[in-house]
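Report on the structure given below.
Please treat every number below as a calculation from the coordinates, not as lab data. No experiment lies behind these values; they were computed from the predicted model shown. Backbone-built Cβ (ideal geometry, glycine too); neighbour counts: all protein chains shown.
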Amino acid sequence: MDRRQGVSALVLAAITLACLLPFAGKAFHMDDPLFIWTARQISVDPLDFYGFKVNWEGTLAPMSLVTQNPPLAAYYLALVALLAGWSEVALHAGFLMPAVAVVLGTHRLARHFCAHPFWAALGVVAAPVFVVSSTSVMCDTMMLAFWVWALVFWIEGLQRDSRRQLVLSVLFVAAASLTKYFGVALVPLLLVYAWLEERPARAWAPCLLLPVAILGAYQWWTYDLYGRGLLWNAVAYATQLQVGGELPSKLLSTFAFTGGGMALLLFAAPWLWDVKRLAIGVAGFLAIVGLAVTMGKVGIVPVMDAAGGVRWSFVLQLSLWVVAGASAVVLAAADWRQRKGSASVLLFLWVAGTLLFTGLVNWAVSGRNILPMLPAVSLLIVRRLEACGILQEGARPKLLYLPVALSVALAMLVAQADYRLAAAAREAAQEIKARAGSSAKALKFEGHWGFQYYMEALGATALDERDLRLAPNDAVVVPLENSYFFPLPAQIVEPWFTHEIAWSRWLSTMDGSLGAGYYADGWGPLPFVFARVPREQYAVYRVR
């Protein structure tokens, strides 16, 4: 690496930390507790990582059935906790390293794909989906770090005929797959790239057997531990359970999550496309507006308000992000058509494969699921700008700082909204405990995610639908915007009080009434929504 590239890497690392450090104290949120509980189990028994039970879906069940992610991220969490403790700041600080690794890996990968690697890496930092995903302690950013570096070592190993780098690459493939199962998609990507590069198969093909063998061993090991192979169990879960509507709604959600999560596609559009293609984009936007209204009137997408009128703000946001997201596919196809090289094929398959899995195969569309293709989209944007002459060798196109700055600003706003939503659950647990805990015999609750983590930390118990175990004067808390809650028997309980928290005025990442569903499109077809945000409500009941 020359001095200039080294300086660029340092600047990118500093920008990444500047974007993420403000959220280091974020409350544990959504599926974070699953990874933390697994890490605690690993700290006690490292070889039996899912050897405990958890009430996550309304009843007590083995963790091996509840979670659909492999354990490597939890092993990393256990290591971080061993060194720094289990606090929010400590664990989030530990996950800064994978985030920086994604950005620096994109920077190094981009040196093989374009002439402006700094801009490609900057496009990753500027994406809302990257900033929000990197403020969790879930597995997604860590998997992407392994993914990007696996590609780096594979490409450089083929170029230099280095068996050591090829082996290192496939070890990173195995690590990505054991962090999140989607990492196994790297195997066909690496195979196609090596084949198109016309490298002797004997030099690289045996290497690709290594991650397959490691995953096979993992499947056998987990079958021996838990009576089921967890790799195939996750495949069955992803393909059989479906939320978020039928195919038309899924397609809209997939493109909307892509456009909103990678907002640079929208903000850089005047630089990416000529007048003709911008006009086609405007026509597509108007067509999506009409389609969304039509689908809303028959109940397919939530564009109608309670009075039967059209929520035009929601329709416009949905249509805008759908068109922006669809442009990612257009970028990939145009790059393949114009350049016709192995890099173009790799980028196209990277984007198309992620979209197909997210929209047609996986159980839900979410920001977490479109994150893996972010480096490819950022690379395609830079390659397009270079092809159009906007980015030229030695030039400093100051105007391009505007779309990047807009994307960063949006990313920080969305991450701040998600930060405050997470904090609302923590505050609600503390305030309800203070109000009800002193007079109730025992405090119990429904709902899960981060709210469950903080309720249990305060001594409350998750209610089991199959075994309620309610006693007179017990208090039961039901978070009305949460998951897996069930009706309580009216003959046993009576309303006690309602607790409300105002956490955001005009931006939400998860609210079914607004159509925002960053973590699962069952809540809505947009990753975030600008609208008047209702208060978080918690109904508290007392057992008669």
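The alpha-carbon of K444 sits under 13 angstrom from the alpha-carbons of these aspartates and glutamates, leaving out residues fewer than 8 places away in its chain: E456, D464, E465, D467, D474. Within the straight-line cut-off of under 16 Å between alpha carbons, the aspartates and glutamates reachable from K250 are D521, sequence neighbours fewer than 8 places apart in one chain being disregarded. Taking the DSSP beta bridges with both ends in the range 417-543, the antiparallel portion is around 75 percent.
Both radii are taken from the alpha-carbon atoms of the chain; with Rh as the Kirkwood radius, Rg/Rh is 0.98.
Here the gap between L278 and S162, fully extended at 0.36 nm per residue and compared with their Cα-Cα distance, gives a gain of 37.3 nm.
Which shape class, rounded, prolate or oblate, goes with the range 109-159 when its Cα gyration tensor gives a ≥ b ≥ c as root eigenvalues, a/c under 1.5 marks rounded, and past that a/b bigger than b/c marks prolate? Oblate, because a/c is 1.5 or more while a/b does not exceed b/c. In this simple spin-label model, placing a label point 7 Å from the Cα along the Cα-to-Cβ direction at both E500 and Q219 gives a separation of 5.3 nm. The overall shape of the range 257-372 is oblate: from the C-alpha gyration tensor, with semi-axes ordered a ≥ b ≥ c, the ratio a/c is 1.5 or greater and a/b is no larger than b/c.
Each label point was placed 7 Å from the Cα along the Cα-to-Cβ direction; for L209 and Y401 their separation is 5.4 nm. The packing ranking of peptides 144-155, 95-106, 371-382, 399-410, highest mean first, is 371-382, 144-155, 95-106, 399-410, where packing means the average number of other beta carbon atoms within 10 angstrom of each residue.
Using a cutoff of 8 angstrom between alpha carbon atoms and counting only pairs six or more residues apart, the relative contact order for the range 417-543 works out to 28 percent.
When peptides 503-512, 447-456 are ranked by their average number of other Cβ atoms within 10 Å per residue, the highest-first order is 447-456, 503-512.
Peptides 134-141, 418-425, 355-362 ranked from most to least packed by the mean count of surrounding Cβ atoms within 10 Å: 134-141, 418-425, 355-362. Compactness of the range 417-543 is given as radius of gyration and Dmax, 14.8, 43 Å, from Cα positions. In this structure, the residue pairs whose Cα-Cα separation is over 32 Å, taken from K53/K297; K53/K441; K297/K433, are K53/K297; K297/K433. Available extension along the chain between R40 and D2 is 9.4 nm, counting 0.36 nm per residue and deducting the alpha carbon span.
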